[in-house]
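Below: one structure, written as structure tokens.
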Amino acid sequence: MEQIYLDNAATTPLSPQVIAAITAAMTLYANPSSLHGLGLEAEKMVDAARENVARLLGVSPASLIFTSGGTEANNLAIKGFLARSRQRGRLVTSAIEHPSVLEVFKDLEQQGWEVLRLPVDAQGKVLLPALEEALAQPVQLVSIMAVNNETGAVQPLREIVSLVRARQPQVCIHVDAVQALGKIPFHPAELGVNLASISAHKIHGPKGAGALYADRRDLLLPLLWGGGQEGGLRSGTENVLGIIGFGRAALELAENLDANLTHVGKLRSQFLNGLQGLSCKVISPADGAPHILAVSFPGFRGEVLLQALSAHGVYVSTGAACSGKKGQLSHVAEAMGLDRETAGGLLRFSFSVLNTEAEIEYALHKIRQVLQELAFVQGRRTR
């Protein structure tokens, strides 16, 4: 049976070049903190990877702190910054953030911090007047994602940064850029944000490696204490193989970004064209990131469609893979004002540069087939 993987927003397969880079480095077992020759060799590999990731972001290598992934980077950004802060201002985020941001703010609320969650419009974009209102009181931190992981909605970061800087220039701005890296142009230093989180496994790198960009290291206190790796901000022996894979994935992206974006954009257009004639509703905004399409099939449960497609070798998601097993209404769908039938019938299709036009055509064929089969079964049950 052919297997078509369209869940790339959850994780991406390792690229052949990343596999080759990790395989070649598997004999590099030394600790990069060791001072002997083998340790220095490992350190050089970590430094080379840091330079590749920095090149992709358009930042200085010294501004990157390697972590275990996007979740740790988000926690370090938010809690590490607030641990350094001596004031207790308002914290501002959005209603559609990834759980690794939402849950951090829930915990901070329990500790007595005031947290404001900005509403979004029907396209899933933050309402700027709500941000302006939030800035009427002293604010300590603004944390807004770049690209929503469920719908692909791209947040108006330039307008957000401009508004924050005009009202309260000293405010720290954090961006969860995990779904933006390699999917849309994203350069945190040029944008003027202070902190930005990224992850390797969303760009055909390995799981277990991520990074936090910090325009100033003195913004943060570490969450983990120990040997003082990563400039004292992330203790623990570096995941050398994971970081090498991250660096190789970033290098590939930096060299092929425009071609990759064009290819994925064509796949998105092909998929959208193939949906014509089907009883479905595209939830993702037209100007969203090209790799994510959220589509609702009213009258069908998303979980049922997912399993039926999986049986045909087409792998998709009902929303965020991080919370898709809980059987709850997506907080993103709720924030966008979707009714329960629309939200309940949601599927997320997410593409990568490794997908082909032939795979998209096969997936569309199987979607039509599954919808016909389920409609037939449901028709029999209602008789």
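Things to note:
- Put the Cα centre of region 123-154 next to the Cα centre of region 236-256 and the gap is 30 Å.
- The chain: relative contact order in percent, alpha carbon pairs under 8 Å with at least 6 residues between: 24 percent
- Shape category assigned to region 1-133 from the gyration tensor of Cα positions, a/c cut at 1.5: oblate
- Tally of Lys pairs whose C-alpha atoms are under 23 Å apart, taken over region 16-252, 8 or more apart or cross-chain: 8
- Computed from the Kirkwood radius of its Cα pairs, the Stokes-Einstein diffusion coefficient for region 134-232 at 25 °C and 0.890 mPa s stands at 166 µm²/s.
- Helical contribution to [θ] at 222 nm, DSSP H n ≥ 4, -39,500 (n - 2.57), averaged over the chain, rounded to 500: -13500 deg cm²/dmol
- Cut-off 16 Å, label 7 Å out along Cα→Cβ of Lys106, residues of region 329-355 by amide N: 329-335
- For the chain, size of Cβ-based charge dipole, Lys and Arg +1, Asp and Glu -1, in debye: 640 debye
- Sorted fewest first by neighbouring Cβ atoms within 10 angstrom, Val142, Val104 come out as Val104, Val142.
- Of all DSSP-defined beta bridges confined to region 16-252, some 45% are antiparallel rather than parallel.
- Sorted by Cβ neighbour density within 10 Å, fewest at the top, the residues Tyr362, Tyr29: Tyr29, Tyr362
- The GluC sites (Glu not before Pro) of region 65-148 that DSSP puts in a loop, and whose beta carbon has at most 15 other beta carbons within 10 Å, are Glu114.
- The calculated FRET efficiency for the pair Leu35 and Arg301, based on their C-beta separation and a Förster distance of 51 Å, comes to about 0.30.
Just so you know, all these numbers are worked out from the coordinates, no wet-lab data involved. All values reported here derive from a predicted model rather than from experimental measurement. Neighbour counts run over all protein chains shown; Cβ positions are idealised from the backbone, glycine included.
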